[in-house]
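**Q** Take this structure first; my questions come after.
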Amino acid sequence: MFENMTEEEARKQILESVDEYCRTYHNKRKPFEPGDRITYASRVYDSDEMTNLVDSALEFWLTSGRYTDEFERSFADYLGIRFCSLVNSGSSANLIAFMTLTSPLLGDVNGKDRRVRPGDEVITVAAGFPTTVAPIIQYGAVPVFVDVTIPEYNIDTSKLEDALSDKTKAVMIAHTLGNPFDLRAVRAFCDNHGLWLIEDNCDALGSRYEMEDGWHFTGTIGDIGTSSFYPPHHMTMGEGGAVYTDNPLLNKIIRSLRDWGRDCVCPSGKDNLCGHRFDGKYGELPVGYDHKYVYSHFGYNLKATDMQAAIGCAQLKKFPGFVERRKENFAHLTGGLKSAAKDIEDKLILPVASDHSDPSWFGFMMTCREDVDRKSVVLKTEAAGVQTRALFAGNLTKHPCFDEMRGNGKGFRIVGDLANTDLIMERSFWVGVYPGMTKEMLDHICMAIVEAVK
Ligand SMILES: Cc1ncc(COP(=O)(O)O)c(C=O)c1O
């Protein structure tokens, strides 16, 4: 097959075949017919992603390499932030983001000990995804849960001052289903009290928020932002995530934690870029101990592969278009529901964008009014072929993973009550707005929901 070909020519031929294979056998969508299942999310891709993936596989570098470098650079450029580190999931991104705050490199900042230590408190919410909170508990810090508002489904910032104690070191929360939380209030609260802010941006990539100095992407206003590239998310690489920051010290810690805890910053396969590999003095090691194997943190290995990054590079080029489609689909559902049933808002609370925000929606969240039974609405909507989702944990503190802590009342705090969080657990559900949805699918979703709440 490759007779008389150079390696480059052989590679080109393979990639042309992959391109044709993808065009022939993937993405052949038949027109939507009522009864077809409408999932809440799906990958949107074409032969660009597949050829990039195979190109990287043929190179067989496997670990982070040239596609990772390209992805990290392009992703940071897109967000307008200085540093981005690719990791293997959004949960890993959250783990690194939180653990970064525990680094011994974070000593006093302006006379205040900024380092998070076991027993310190982190303000968060219970209405969301568990791995926003899990790293706090795993480390032995204390999550302090604050209620959320409906219909924004984000932290109730009027409760922030009540949540503060002399142990508070950080706020770590997600932008729920793409809707930005009140970044003006949360950023000001953190600045006033010298707290770190981690934005879990896993469900909000492409959302923008207007601060006093202008518009910014969510994930770039806090000290650290995180993303997920799991298939249902705004863009995908199968499994994958990112941690990003503008702060060089935080970036140094993020890199160290991601890459086994090492002190050296040489990328995989490179040695001695600084020229001082054998002449430094670290800890109680002998002078000149190989810097490649000097550890400044107890770290992990949470890198992604270059094959994942290769898919991500192709997705990123399409990404601004994905965001526009998500916004259009959200607007279509809002308009469609309101025009299909004049009384829809007597039955369901519809979602609303937070003030000062331009959301890149992950989903379309609804809460059943008191006399509407969520279970019946969800079952009917699902029976009409429309996949529904709960707001992840609903109220995380009610889950079995909390049994022990709830039992002995230790290891977490709740500020006031979590009345809206419980309401979400009992009465909310959401449907998708992913970029591959057609007008026909969106109209069918509206019809299914209107029928279900009758
Ligand atoms: C808000 C939020 N944070 C974190 C994650 C975890 O991302 P991953 O599935 O890539 O670990 C998710 C997952 O869906 C999420 O919704």
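**Q** Just to check your reading of the model, which residue among G299, G240 is under 26 Å from L62 (Cβ atoms) and more than 16 Å from the ligand (Cβ to nearest atom)? Walk me through it before giving the result.
**A** Values: G240 fails: more than 16 Å from the ligand (Cβ to nearest atom).
Exactly one of G299, G240 is under 26 Å from L62 (Cβ atoms) and more than 16 Å from the ligand (Cβ to nearest atom), namely G299.
**Q** Moving to a separate point now. Is there a residue in the range 173-182 that is at pLDDT 95 or above, more than 15 Å from I136 (Cβ to Cβ), more than 16 Å from the ligand (Cβ to nearest atom) and in contact with a helix residue (DSSP H, G or I) (Cβ under 6 Å, 6 or more places away or on another chain)?
**A** For the range 173-182, residues at pLDDT 95 or above, more than 15 Å from I136 (Cβ to Cβ), more than 16 Å from the ligand (Cβ to nearest atom) and in contact with a helix residue (DSSP H, G or I) (Cβ under 6 Å, 6 or more places away or on another chain): present.
**Q** Turning to a different aspect of this structure: As an exercise: evaluate M5 against (1) part of a loop (DSSP other than H, G, I, E, B); (2) in contact (Cβ under 8 Å) with a residue 12 or more places away in the chain; (3) away from the ligand (no atom under 16 Å from the Cβ); (4) not small (G, A, S) and give the number of the one condition it does not meet.
**A** The one condition M5 does not meet is (2).
**Q** Residues S227, S207: which one is within 16 Å of the ligand (Cβ to nearest atom), among the hydroxyl-bearing types (S, T, Y), touching a helix residue (DSSP H, G or I) at 6+ places or on another chain (Cβ under 7 Å) and closer than 16 Å to S357 by Cβ?
**A** Only one candidate qualifies: S207.
**Q** Suppose the filter is under 30 Å from V323 (Cα atoms) and either over 19 Å from the mean Cα position of the chain (by Cα) or surrounded by fewer than 24 Cβ atoms within 10 Å (Cβ to Cβ) (or both); does T176 pass it? I'd like the intermediate steps shown before the answer.
**A** On the way: under 30 Å from V323 (Cα atoms): yes; either over 19 Å from the mean Cα position of the chain (by Cα) or surrounded by fewer than 24 Cβ atoms within 10 Å (Cβ to Cβ) (or both): no.
So T176 does not fit the description; no.
**Q** From the list D246, D263, D271, D279, pick out the single residue that is free of Cβ contacts under 8 Å to residues at least 12 places away in the same chain, of a type in the set (D, E) and more than 15 Å from I96 (Cα to Cα).
**A** D279
**Q** If you go through the range 83-101 one residue at a time, do you hit one that is in contact with a Cys (Cβ under 7 Å, 6 or more places away or on another chain) and assigned to a loop (DSSP other than H, G, I, E, B)?
**A** Applying the first criterion (in contact with a Cys (Cβ under 7 Å, 6 or more places away or on another chain)) to the range 83-101 yields 90.
Next, only the ones that are assigned to a loop (DSSP other than H, G, I, E, B) stay: none.
Checked against the condition, which is being in contact with a Cys (Cβ under 7 Å, 6 or more places away or on another chain) and assigned to a loop (DSSP other than H, G, I, E, B), the range 83-101 yields no hits at all.
**Q** Examine the range 185-194 for a residue that is surrounded by 16 or more Cβ atoms within 10 Å (Cβ to Cβ), out of contact with any Leu (no Cβ under 6 Å at 6 or more places or on another chain) and among the basic types (K, R), and state whether such a residue exists.
**A** yes
**Q** Is it true that some residue in the range 32-47 is in contact (Cβ under 8 Å) with a residue 40 or more places away in the chain, assigned to a strand (DSSP E or B) and over 30 Å from T421 (Cβ atoms)?
**A** yes
**Q** Next question, about the same structure. I need the full set of residues from the range 126-139 which are part of a helix (DSSP H, G or I) and within 10 Å of the ligand (Cβ to nearest atom), in order please.
**A** Listed by number, the residues that qualify are P130, T131, T132, A134.
The values are calculated or read from the model by the stated rules, or taken from the named source; none is laboratory data. Computed from a prediction, not measured in an experiment: that's the story for all the values here. Counting neighbours? That spans all protein chains shown, and the Cβs are built from the backbone with ideal geometry, glycine included.
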